[in-house]
Each structure stands twice: as structure tokens, then as C-alpha cells.
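Notes to accompany the following structure.
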Amino acid sequence: MYQLSINNMTQEAFLSQYWQKKPLLIKGGFKDFQDPLSAEELAGLAMEDSIESRLITNHDENWQAHHGPFENFEKLTDTNSTLLVQAVDHWHPPAAQLLVPFRFIPNWRIDDLMVSFSTPNGGVGPHLDQYDVFIIQGEGKRHWRVGMPNPNLKQFTKDKALLQVEQFEAVIDHILEPGDILYIPPGCPHEGYAVENALNYSVGFRAPDQKDFISSFADHVIDEEAGIERYNDPELAIRSSLGEITTQDKTKIQAMLLGLIHDEELFSKWLGTYLSQPKHDMDLAPLEDALVADHLESEIEPDDTIVRAGGVRAIYQNIGEYILLSINGETYQLSQNDLEQVKLLTDNTNFLFKQVKPALMSLEFKQTLTTLINDGLYYVEAWS
């Protein structure tokens with residue numbers, strides 16, 4: 001539906017020259033761009049309890065942040081205001097299509113699609129993000145300034161909910177028109193203000209930090225009741241100082257901790273579960289009349305399409321003897337013989353049922369696919 005052109009560069013050239021290196025203005029990245037939703041539809045999403053939304057105003061430099069859900073939009077004034085809605089791809093299938101052209105980046109790195117509507121001079125102020133983002137200009141125009149990373153830039157809060165950065169030297173200073181795209185790497189200061197009523201679509205990427213990984217892995221170790229090896233020191237000898245923790249002590253404790261990380265089965269299961277967990281609620285529709293694995297081929301026609309629901313995270317690990325398929329925080333162990341069909345589940349947003357039929361010889365794959373459809377993570381579109 002959307003064809004991405006990165007200034008006539010190949011995807012490989014973009015990754016080698018720009019990805020996490022420097023920002024890029026992509027003029028006409030989407031030719032003849034058509035907005036997948038309207039400002040009115042966005043406002044409707046912002047009224048839902050399960051959808052994260054904010055409304056930012058900056059009248060006379062008095063910055064205020066209001067959090068949804070919203071009952072009305074009296075604060076969305078004719079100027080100096082912005083409505084932002086997170087994870088729109090989870091709730092609006094046409095908008096979710098905007099992620100497809102960016103799926104040359106691995107699945108687990110893609111976070112969500114945030115959509116904003118701004119009135120003239122509306123924005124969130126100059127700020128830094130610690131993740132990559134592509135910002136697509138929809139309806140209207142928006143003036144953007146982007147700088148290079150500068151560790152000396154000072155950050156400060158506005159209205160307690162807005163972290164902004166002091167003014168910076170811009171390497172990109174441009175008014176974006178429909179179909180234009182900005183790529184902004186982590187740590188690059190940027191600010192955008194609407195020139196006229198404007199819709200923007202932000203494709204954000206995950207970048208967990210060390211404490212995120214460690215905290216999640218520790219929780220997994222506890223859940224799995226692993227890590228029960230106790231410290232021991234049968235080689236203990238008399239020491240000259242009883243208060244010292246020796247280098248040997250530290251080395252032994254480090255080895256105990258690293259032993260958990262080097263436990264391939266434990267680590268791989270945690271990694272797939274963690275990286276496939278969605279951050280936001282989802283619009284899933286579990287089947288009322290659940291399918292039965294043994295009858296799957298009689299219930300679904302060969303030319304029916306299996307569609308992955310918007311926002312569903314699907315990744316796999318090739319362990320060697322088997323495959324770990326992880327979808328939305330659940331992990332399934334499958335046979336190496338099913339690798340091509342696993343790739344259909346993870347690499348494609350949709351595929352024909354007949355393409356996975358060879359793997360239905362495997363009871364594990366058949367049961368897994370049935371569960372995914374019954375839970376609404378994937379759904380069937382009948383051939384017509």
C-alpha cells in the first residue's frame with residue numbers, strides 16, 4: 001500500500017550511512033501520500049480508556065500536558081495545541097500499514113506507531129529521544145529542526161510531564177509536506193511545530209537499556225525457579241584480613257551470575273518472551289467458537305488469508321535442534337522442519353493458508369497456529 005523511497009538509496013545504503021549515525025530528510029518518501037485516518041478518527045481513539053493519549057498546549061510558553069482518555073477536546077484549541085495517541089497500529093488496521101515499509105528493520109526493534117494532530121504552532125517543544133524514529137508528514141505542513149547529538153545540551157522539565165532540551169544548532173531545518181519523512185537517530189535534539197493543521201505519524205523503535213534487560217531477566221529467573229545454586233567455598237583458607245572481599249570472591253560470584261546468562265535454554269526462552277511482549281493494550285478479538293486443531297484444514301480454505309493483527313510482535317530464534325517462536329510474550333518450541341512456515345508467521349503480516357499447510361503435519365505447529373487464531377493474534381480473511 002505504501003512504497004518507501006529513501007532518496008533513491010537502497011535500504012543497505014541507508015543502514016550503513018545513516019542508521020544510528022545522522023538524521024536524514026527524505027523528500028517524497030511516500031509518493032501521493034494519503035492519510036490512513038482523519039483527525040476526527042484520532043480524537044475518537046483518544047476517548048478510549050485502553051488507549052494512551054496526551055494533549056499538549058503551549059500558549060504564551062505556558063506548557064501544559066493533559067492525559068487521556070478525553071471526554072471532550074475543548075483544550076485542543078485553534079492554535080498551539082497537539083493531540084498525541086500511542087500505538088495506533090494496535091487499533092486501526094489501515095494505519096498499521098504504515099509500519100510495513102519499515103520492516104527492513106528487525107521485528108523486535110519496531111515499537112509502535114504514534115499519531116499526532118497539531119494546530120498551528122502546536123508541538124511538544126525541543127527534546128531528545130533515546131530511540132530511532134521515522135516521522136511521516138501527513139495532512140498539512142510542519143516545520144522541523146534537527147541537530148546532531150551534543151552531550152553538553154541541558155535538559156529541563158516543563159509542567160512535570162514534558163522533558164525538553166535547550167536550543168541547539170540545526171543540521172536539518174525544513175518544512176515538511178505530505179509524504180515527506182524525517183529519520184532521527186537516538187540522542188539527536190529535534191523540534192517540530194505545525195505551520196497549519198497537521199497530522200504526523202511516528203514510527204518508533206525499541207531500545208531497552210541494561211537495567212531493563214537485567215530487571216526482566218531477574219524476574220524470569222524467579223518465575224522459572226532457576227538460579228538455585230548456592231555460593232560455596234570448600235577451598236576457604238585463613239585470611240590476613242577478615243573484612244576484605246577478595247578478587248577470588250568476586251570472580252566466583254560473577255561466574256555464578258554469568259552461569260545463568262549462559263544457560264542457553266533459560267536465556268533464550270526469556271529473550272523471546274521479553275522481546276515479543278507488547279507495551280500497550282491491543283484490539284484483539286478471540287474467536288467465540290474456537291477452532292479445533294484436528295479440524296483446522298476443514299475449517300479454513302486453502303486460499304483464505306491468515307492476517308497478523310496490528311501490533312502483534314512475532315519473532316523466532318533458531319536454537320539448532322529446535323525453533324523458539326515467541327508471539328506477544330508467549331513462547332512455543334517447534335521443529336526445525338517448520339522453519340519456512342515459522343518465517344511466514346514472523347516475516348509476513350499476511351499469507352495464504354495453503355502456504356503453511358506443509359507444517360500442519362507437525363502436531364506442535366498445528367496446535368500453535370490454532371491457538372494463535374483462537375486468541376485473535378492472527379485472524380482469517382475468507383477468500384472471495
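Take S240 and decide whether it is part of a helix (DSSP H, G or I), among the small types (G, A, S) and without any contact (Cβ under 8 Å) to a residue 60 or more places away in the chain.
no
Quick test for you: out of V146, V203, pick the one residue that is more than 20 Å from D112 (Cβ to Cβ), open to solvent by less than 10 Å² (accessible area, probe 1.4 Å) and not in a loop (DSSP other than H, G, I, E, B).
V146
What is the residue count in the stretch 13-67 for residues that are of a type in the set (G, A, S), surrounded by fewer than 20 Cβ atoms within 10 Å (Cβ to Cβ) and assigned to a loop (DSSP other than H, G, I, E, B)?
3
Looking only at the stretch 51-73, decide whether some residue is of a type in the set (A, V, I, L, M), more than 19 Å from P126 (Cα to Cα) and over 22 Å from the mean Cα position of the chain (by Cα).
There is no residue in the stretch 51-73 that is of a type in the set (A, V, I, L, M), more than 19 Å from P126 (Cα to Cα) and over 22 Å from the mean Cα position of the chain (by Cα).
Kindly indicate which of Q355, Q336, Q341 is loosely packed, with under 14 Cβ neighbours inside 10 Å and farther than 21 Å from E288 by Cβ.
Every option except Q336 fails the conditions.
Hey, among I51, I56, which residue is touching a strand residue (DSSP E or B) at 6+ places or on another chain (Cβ under 9 Å), in contact (Cβ under 8 Å) with a residue 40 or more places away in the chain and farther than 16 Å from L113 by Cβ?
The conditions single out I56.
Can you pull out every residue in the stretch 224-243 that is over 17 Å from M256 (Cα atoms) and either β-branched (V, I, T) or in contact with a strand residue (DSSP E or B) (Cβ under 9 Å, 6 or more places away or on another chain) (or both)?
I238
Could you tell me which residue of the stretch 249-290 is nearest to E224 (Cα to Cα), considering only residues that are modelled with pLDDT under 95 and surrounded by 15 or more Cβ atoms within 10 Å (Cβ to Cβ)?
The residue in question is P278.
Just to be sure, is T349 farther than 27 Å from D223 by Cβ, touching a Lys or Arg at 6+ places or on another chain (Cβ under 9 Å) and surrounded by 14 or more Cβ atoms within 10 Å (Cβ to Cβ)?
Against the criterion (farther than 27 Å from D223 by Cβ, touching a Lys or Arg at 6+ places or on another chain (Cβ under 9 Å) and surrounded by 14 or more Cβ atoms within 10 Å (Cβ to Cβ)), T349 qualifies.
The values are calculated or read from the model by the stated rules, or taken from the named source; none is laboratory data. Remember, predicted model here, so these are calculated numbers, not experimental data. Counting neighbours? That spans all protein chains shown, and the Cβs are built from the backbone with ideal geometry, glycine included. Keep in mind that these areas ignore ligands, DNA and RNA; they rest on the heavy atoms of the full protein, side chains included. Shrake-Rupley method; radii C 1.70, N 1.55, O 1.52, S 1.80 Å.
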